[in-house]
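Since the structure comes first, as C-alpha cells, the remarks are kept for the end.
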Amino acid sequence: MGRVVLNDPPLESSPVAATSQAETLASRMLAAFGAATDGAGRVDYRGLRASAEFAAAVEAARGLATIRLDTLTARDARLAFWINVYNALVLQAIVSLRVRRSVARAWNFFGRAAYRVGGFVLSSDDVEHGVLRGNRRRVLPPLRPFGATDPRRGLALSPLDPRIHFAINCGARSCPPVGVYRAETIDAQLDLAARGFVNSEVTLEDGRLVCSRLFKWYRGDFDGAGGLTAFLLRYLDEGPARRALANGVAARVGFRPWDWSLHRPALE
C-alpha cells in the first residue's frame with residue numbers, strides 16, 4: 001500500500017522540452033479518455049486500460065522522468081507544465097489504481113500515486129500543494145508537503161496564482177473540467193477557467209450567496225488577489241449574485257457539499 005510511481009521505468013530516449021512533454025502527455029491522456037467515453041459521458045475503464053491510446057499516454061508520462069526541470073524557468077511555462085502534469089497524473093491514477101466510484105474511497109489516493117519528474121518523485125498532493133500552491137498547508141492533514149530540507153522546495157511557485165484551483169481536477173465530480181494548458185496562452189486560459197467555474201458555482205439562493213466548497217477550503221489563497229470578494233467580483237458576470245455581493249446584501253454565505261464521485265463515471 002506504499003507509493004506507486006506510475007511512470008516507471010523512465011523512457012529511454014533523448015529528453016525533450018519540459019513544456020512540450022507535459023502538453024503531449026495531457027493531450028494523449030485526454031484523447032485516451034475521450035476514445036473510451038460513451039455518449040452519456042461514461043468511461044469504459046477496462047477498455048481504456050488496455051487501449052493503444054492509453055499506452056501512448058503512459059509512454060508520454062514515462063518521458064517526464066528525464067526532462068531537465070532547471071530549463072523550466074519562465075513562470076508561465078512552469079504553471080502550464082505543472083497543471084498538465086497534475087491532471088494527467090490524477091487521470092492515470094484513476095485507471096491504474098482501478099478507481100471506479102470515488103477517489104475519496106481509494107486509500108491515500110492523492111499521496112499514493114506519483115510520477116517521477118526530472119529526478120523527483122511527486123504525488124498529486126505534492127504537485128498541488130507543494131508546487132502549484134507554493135508549499136502551503138493542505139486542508140487535511142494541515143501540513144506543508146515539503147519540509148525545510150526537502151530539495152523539492154525549489155519547485156514551489158511563488159507568488160500563488162489562485163486561478164490554478166479552476167484548472168486542476170482531482171477526479172471528483174465537483175471539480176472543474178480538464179484542458180491542455182500552454183505557456184503561450186496560460187493567462188487567458190486561467191482567466192477563462194476562473195470565469196467559467198465562478199459563474200457556474202456562485203449563485204444567489206433565497207438571499208444567500210451559495211458557493212463551491214473550494215472557496216471555503218482555500219479562502220486564504222485569494223488574499224493575494226485582494227481577497228475572495230474582490231476575486232469573485234472580478235469574474236462574476238452581471239446578475240443577481242454579483243449585484244448582491246457588490247452591494248453587501250449577501251451577508252450570509254453557504255457552501256455546497258463536495259461531490260467526490262468520479263468526474264468521469266464508470267460504464268457499468
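The values are calculated or read from the model by the stated rules, or taken from the named source; none is laboratory data. The structure displayed is predicted, hence computed values, not measured ones. Note: ideal-geometry Cβ built from the backbone for every residue, glycine included; neighbour counts use all protein chains shown. Surface areas here come from the heavy atoms of the whole protein model, side chains and all, with no ligands, DNA or RNA. Shrake-Rupley method; radii C 1.70, N 1.55, O 1.52, S 1.80 Å.
Before I look further, what does the chain give for accessible area per residue, probe 1.4 Å, in whole square angstrom?
Values: 12350 Å² over 268 residues.
On a per-residue basis, 46 Å².
I need the shape label for region 45-161. Rule: rounded when a/c is under 1.5, else prolate if a/b > b/c, else oblate, with a, b, c from the alpha carbon gyration tensor.
Values: a/c = 2.21, a/b = 1.32, b/c = 1.67.
Oblate.
Computed about its Cα centre, the charge dipole of the chain is approximately 820 debye, with only Lys, Arg, Asp and Glu carrying charge at their Cβ. For region 121-268, what log10 I(q)/I(0) values come out of the Debye formula at q = 0.10 1/Å, with one point per alpha carbon and no solvent? With one equal scatterer per Cα and no solvent, log10 I(q)/I(0) is -0.39. Each of ILE94, VAL127, ASN108 was scored by the projection of its Cα onto the charge dipole of the chain, and the greatest displacement toward the positive side belongs to ASN108; charges sit on the C-beta of Lys, Arg, Asp and Glu.
What does DSSP give for the chain in terms of the percent of beta bridges that are antiparallel, rounded to the nearest 5? Looking only at bridges with both residues in the chain, the antiparallel portion is about 60 percent. Taking square-rooted eigenvalues a ≥ b ≥ c of the alpha carbon gyration tensor, is the chain rounded, prolate or oblate, where a/c under 1.5 means rounded and, failing that, a/b exceeding b/c means prolate? It is prolate, given that a/c is not under 1.5 and a/b is the larger ratio.
Quote the FRET efficiency, to the nearest 0.05, computed for ALA188 versus ASP237 with a Förster distance R0 of 25 Å and r equal to the Cβ-Cβ distance. Before the final figure, lay out the partial values.
Numbers: r = 17 Å, r/R0 = 0.69.
My answer for the efficiency is 0.90.
Only helical runs count toward this figure. For the chain, summing -39,500 (n - 2.57) over DSSP H runs of n ≥ 4 and dividing by all residues gives -10500 deg cm²/dmol at 222 nm.
When a 1.4 Å probe is rolled over the protein heavy atoms, the share of accessible surface on the chain that falls to carbon and sulfur comes to 50 percent.
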